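The values are calculated or read from the model by the stated rules, or taken from the named source; none is laboratory data. On a predicted model such as this, the values are computed, not experimentally measured, just so you know. We place every Cβ from the backbone using ideal geometry, glycine too, and count neighbours over all the protein chains shown.
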Amino acid sequence: MSSHVVIPGQIIATMTTEEESFLRGHGTYIEQMEGDEANANSAASNIQMNNQDRDDDNDGGDGGDHSLNINLAPNNQHLISSTTGTITRTNKLIQVIQPNGSFAPQTGDPIVGRITSITSTKWGVSLNLIHGKSGGAASLPLTGINLPDGMQRMRTSADALSMREVLKEGDLISAEVRMVQGQSGVG
């Protein structure tokens, strides 16, 4: 069975007849189709008028119960996703299940991290990839940045001494993953 990924606001299903009915599950909401709300409201007011006419016709009152079994609610509706996830359908129940896995960066992925430490040739970066834990350590080498003067040259010991002037602890950075080092780190 293939899984369909949806984003918030995406229409999952449309119901126009009773045979096409569905039940709203987690991660979804129902919305009337455009232009159909006015038709539903005018039909409801016509039903109320018809009931009043029947009551007026039965002045003597036979004590009978006059009820109409008209169901306008399930017709002309969209089922819309309220979250990102995959669609799961069980009989008529449709729900959107959110992904709950942690992000594992691959080479070439853009990432955002915070500088946590500075050594002689690299910065330590925290990526906060694992929720509730302080996981996701990475390193940014001195050779991996553009120097403030913008020149492409060999890094010198003077550059290593001035690393704190370029990036200091607590700074946020955006970078591209160049290498993944096993399960413990990103370079």
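Among the residues of the range 99-142, write down those that are modelled with pLDDT of 75 or more and of a type in the set (Ser, Thr, Tyr).
Thr107, Thr116, Ser117, Thr119, Ser120, Thr121, Ser126, Ser139
When you check Asn76 against the structure, is it in contact with a helix residue (DSSP H, G or I) (Cβ under 7 Å, 6 or more places away or on another chain) and either at pLDDT 90 or above or surrounded by 12 or more Cβ atoms within 10 Å (Cβ to Cβ) (or both), yes or no?
In short, yes.
Which residue pairs have Cβ atoms under 7 Å apart, sit 6 or more places apart or on different chains, and have a first residue in the range 107-123 that is more than 10 Å from Leu140 (Cβ to Cβ) and a second that is surrounded by 12 or more Cβ atoms within 10 Å (Cβ to Cβ) and polar (S, T, N, Q)?
Arg114/Ser126; Thr116/Ser126
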